[in-house]
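J.: Sharing a structure with you now.
Where a number appears in this text, it was derived from the coordinates with a stated rule and is not lab data. Treat the numbers as computed from the prediction; the structure is a model and nothing was measured. All Cβ positions, glycine included, derive from the backbone under ideal geometry; neighbour counts span all protein chains shown.
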Amino acid sequence: MDRTVDAATAEQAGVRGVDDGVDLELGDVGLDDLDAASNGGFDHRCHGDTISRATPARDRRKKCYNPSPMRTRLERTYRFEAAHLLPKVPPGHKCARMHGHSYLVEVVIEGDIDPERGWVMDFAEIDEYAAPIVRQLDHQVLNEIEGLGNPTSELLAVWLWNKLAALPGLAEIIVAETPSSRCVYRGQ
């Protein structure tokens, strides 16, 4: 017996989101919502996935909400080598001495996919904005670049954001000094 329930059926059955914050008006259905459906349905298919009692417990809270299926996130990564020191750290801090990093910068763009072209933006267009700025930083002492007198990851991310502000859809700048330490700036 097929006991699949879609969002509209669940809503008609009076399901109103049992404790998982699921918003049925937006097309979300969680397993506990379907368990509560008055017609006894407990399977749900969404975007080719099925959520049922057979679904492992850790996956049962899966939601099927996709507010804009054409909304996409692009991430373009750049690398550069640079030296810096941090003049405002406490005395004796290791970053008060000149040292260098192999920086990784990610430029993140968000936008809707253009139905004509099939993309948000050509990665080459991101390069047109970002590559000259990255070249300006590569193999330099960051403290000597205008606006980077105290080149922490945070202030470098803000500086990059300001330089790239004209880039359509700019959503995030991520600056990593090491593989395990990074800063995310979202322009706020």
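J.: Once you put a point 7 Å from the Cα of D138 and another 7 Å from the Cα of R79, both along the Cβ direction, what distance in nm separates them?
T.: 1.2
J.: Let me ask something else about it. Semi-axes of the equivalent ellipsoid for region 71-185, please: Cα gyration tensor eigenvalues, times 5, square-rooted, ordered largest first, whole Å.
T.: The equivalent ellipsoid of region 71-185 has semi-axes of 30, 13, 11 Å.
J.: Calculate one ³J(HN,Hα) per residue across region 115-123 by plugging θ = phi - 60° into the Karplus curve 6.51 cos²θ - 1.76 cosθ + 1.60, and present them in order as whole Hz with x for glycine and proline.
T.: With coefficients 6.51, -1.76 and 1.60, one gets x, 6, 8, x, 8, 7, 6, 5, 4 Hz.
J.: Using 0.36 nm per residue of separation minus the Cα-Cα distance, give me the extension gain between M98 and R117 in nm, one decimal.
T.: Here the segment from M98 to R117 would lengthen by 2.1 nm.
J.: Compare the Cα positions of N162, M98, I173 along the charge dipole of region 71-185 (+1 at Cβ of Lys, Arg; -1 at Cβ of Asp, Glu; about the Cα centre) and return the one farthest towards the positive end.
T.: The residue sitting most towards the positive pole is M98.
J.: How far apart, in nm, are the 7 Å Cα→Cβ label points at T72 and C183?
T.: Output for this residue pair reads 3.1 nm.
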